1. Among 24-35, 46-57, 255-266, how do they line up from the highest to the lowest mean number of other beta-carbon atoms within 10 Å?
2. Near the amide H of Asn156, under 5 Å away, which other amide H atoms are found, from residues 5 or more places off or on another chain, if H is placed in the peptide plane?
3. At a Förster radius of 45 Å, what calculated FRET efficiency corresponds to the Cβ-Cβ distance of Asp103 and Phe226, to the nearest 0.05?
4. Taking amide H positions as placed 1.01 Å from N in the peptide plane, with prolines and chain starts having none, which residues 5 or more places from Gly88, or on another chain, fall under 5 Å of its amide H?
5. Residue-wise, which Karplus ³J(HN,Hα) couplings in Hz belong to region 22-33, taking 6.51 cos²θ - 1.76 cosθ + 1.60, θ = phi - 60°, and x for glycine or proline?
6. In what sequence, highest mean first, do 101-111, 188-198 appear when ranked by Cβ atoms within 10 angstrom?
7. Would you work out which of Trp123, Ile112, Gly66 lies farthest towards the positive end of the dipole of region 61-146? Charges go on Cβ: Lys and Arg +1, Asp and Glu -1.
8. What are the residues whose amide H is under 5 Å from the amide H of Val196, where those residues sit 5 or more places off or on another chain and H is modelled from the backbone?
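The values are calculated or read from the model by the stated rules, or taken from the named source; none is laboratory data. No experiment lies behind these values; they were computed from the predicted model shown. Note that we place each Cβ from the backbone using ideal geometry, even for glycine, and neighbour counts take in every protein chain shown. With ligands, DNA and RNA removed, areas are computed over all heavy atoms of the protein, side chains included. Shrake-Rupley method; radii C 1.70, N 1.55, O 1.52, S 1.80 Å.
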Amino acid sequence: MNNLDISVVVPLYNEEESLPELMEWIDRVARAHTLSYEVIFVNDGSSDNSWEVVEQLKEKYDSVRGICFSRNYGKSAALYCGFAAAEGEVVFTMDADLQDSPDEIPEMRRMILEEGYDLVSGWKRKRYDPIGKRWPSKFFNWTARKASGIRLNDFNCGLKAYRRKVVKSIEVYGEMHRFIPILAKKAGFKKIGEKVVEHRARKYGESKFGMERMVKGYLDLISIMFMSHFGRSPMYLFGSLGTLMFLLGGGTTVWIIAEKLWKQAHELPLRPVTEQPLFYLAILAVILGVQLFLAGFLGELINRNSTDRNKYLIDKTI
């Protein structure tokens, strides 16, 4: 397939009930707006019959493509492989649980093509999730906005639209799918917009994400901010901190010993160096400084000799 108007990447894990309805909905929207399209279903090691459903959809719709992992790698891995396979001018991501509405596709595509956005993120202003998920999500999004400087209300919305060169230029790994706008900004795509989208109540099954994702989200946010500033040169951070601690500890040690020698020369009362807690704190600072410096040095070596981290075992494709 070439010169497609849109690609829709759908990561899925145990969503066999919703796939036929989702595909029918996407097809209906694309036909109503005369859009050439492909839907790339990425089966992330489902234990139900999701892949069999994808194979059945392939027989019914020529626009269906499928990628099947041999085991569960996570949503970021699914998006990474889906992005690599996408051929549309505008690439969409959408969850498979029918909570994202394909009716939003035409307007989000228009924003990319006519208003010049590199990325348009959905904003589920009215959500049907329980309050136990809504309030932590609000706090998480507020933190991400402050840390990244990107004015989005909903970083974690699964419905997003991208100019094709964006998805071909970013690496989504680990659990970084929550921070694709930050990855895009880091890659030089700074025109990032937002559109209020419809959020629907889950129709089938149960959510695959629990509260642990909030903890992972904050850890990932720290990671992405570190990678944005020091990913290519970890020595800048660890070397600077190590040098500062080494100089502070070393200077304090010299001062303590010099003070002792001065008091000895003037026959003044003094405490043995080994009985002063400050001496041990200074030695600790010197040791930590050396370790931090070595950590930065090793980080540089690993970074400069690393190979591609994104290797996933794909079992089948259609």
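1. 46-57, 24-35, 255-266
2. For Asn156, whose amide H was placed from the backbone, there are no distant partners under 5 Å.
3. Working: r = 38 Å, r/R0 = 0.85.
The pair Asp103/Phe226 has a calculated efficiency of 0.70.
4. The list, which skips near neighbours in sequence, is Ser7.
5. Coupling constants for region 22-33: 5, 5, 4, 5, 4, 4, 5, 5, 5, 5, 5, 10 Hz.
6. On the way: 101-111: 18.2, 188-198: 16.3.
So the peptides 101-111, 188-198, ranked by packing, come out 101-111, 188-198.
7. Most positive-ward Cα: Trp123.
8. Trp123
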